[in-house]
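Working notes, structure below.
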Ligand code: E4P
């Protein structure tokens, strides 16, 4: 499974990119507003930090504006992925931009029917928002299972399932068990994935016992 990071905070992206575990980045207008910075400047910095796909969302609502915005964004860097909403116009824009060789991430997907349409429009990624479904007492992970099953039934579909609106590590684990291609993680969720109290406890005990030996591995370095 590929891990994208879901933030427009360049500092956080820099810190997490150093782990070597980041395959890409997703942003959205709310995350950009939260950063308080210039959109294009932020995108340039992110694209230089992470070589994988970097999603940048259009804000037009008609297909012609989305296509023009998508072209402007795609000019920034070769790893820009234009994010369009799952609307009729969004999918029209998806078809045009995909035909031009631009990667497209279709966002705000909340049903398997929508995911089928995005694949038909040639989307590079489909982003089902599972946390927001869970918030409404609907089954976010169930949607991932449905989309993975449907896409697998049609080998000609190349669209990757990008699990979005992830709230906790269990979302990631369950989506990975289903074979979802990508999960985009808020920084806190990625950091939480490293943690287990038994790891901390075990490491503490090993280090205390090692100290008693009075040895140093680096003496032989
Ligand atoms: C995905 O690309 C979106 O930016 C994101 O996952 C939305 O998550 P939220 O529901 O936590 O806002």
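Readers should treat all values here as calculations from the given coordinates under stated rules, not as data from a laboratory. Quick caveat: nothing in here was measured; it's all calculated off a predicted structure. Neighbour counts run over all protein chains shown; Cβ positions are idealised from the backbone, glycine included.
What relative contact order, as a whole-number percentage, does the chain give when Cα pairs under 8 Å and 6 or more residues apart are counted?
17 percent
Give the calculated FRET efficiency between residue 59 and residue 100 to the nearest 0.05, with a Förster radius of 22 Å applied to their Cβ-Cβ distance.
0.65
Starting with the highest mean, order 166-177, 6-17 by the number of other Cβ atoms within 10 Å, averaged over the residues of each peptide.
6-17, 166-177
Seen from all sides and averaged, what is the projected area of the convex hull of the Cα atoms in region 135-182, in nm²?
3.3 nm²
Per the Kirkwood definition applied to all pairs of different Cα atoms, how many angstroms is the hydrodynamic radius of the chain?
Mean inverse Cα-Cα distance, inverted, gives 18.6 Å.
Take the alpha-carbon centre of region 125-154, take the same for region 34-53, and report the distance between them in whole Å.
Distance between centres, Cα-based: 28 Å.
Sort out for me the Cα centre separation of region 81-122 from region 156-187, rounded to whole Å.
First find each Cα centre; the distance between them is then 18 Å.
Computed FRET efficiency, Cβ-Cβ of residue 221 and residue 23, R0 35 Å: what is it to the nearest 0.05?
Efficiency for this residue pair is about 0.60.
Name all residues of region 155-194 having a backbone nitrogen under 20 Å from the label point set 7 Å from the Cα of residue 207 along its Cα→Cβ direction, giving them as ranges.
Within reach of a label on residue 207, which here means backbone N under 20 Å from a point 7 Å along Cα→Cβ, region 155-194 contributes 191-194.
What are the semi-axes of the equivalent ellipsoid of region 107-208, taken as the square roots of 5 times the eigenvalues of the Cα gyration tensor, listed largest first and rounded to whole Å?
Semi-axes (√(5λ), whole Å): 32, 14, 11.
Using the basic label-point model (7 angstrom from Cα toward the beta carbon), what is the residue 198 to residue 150 distance in nanometres?
Roughly 3.9 nm, to one decimal.
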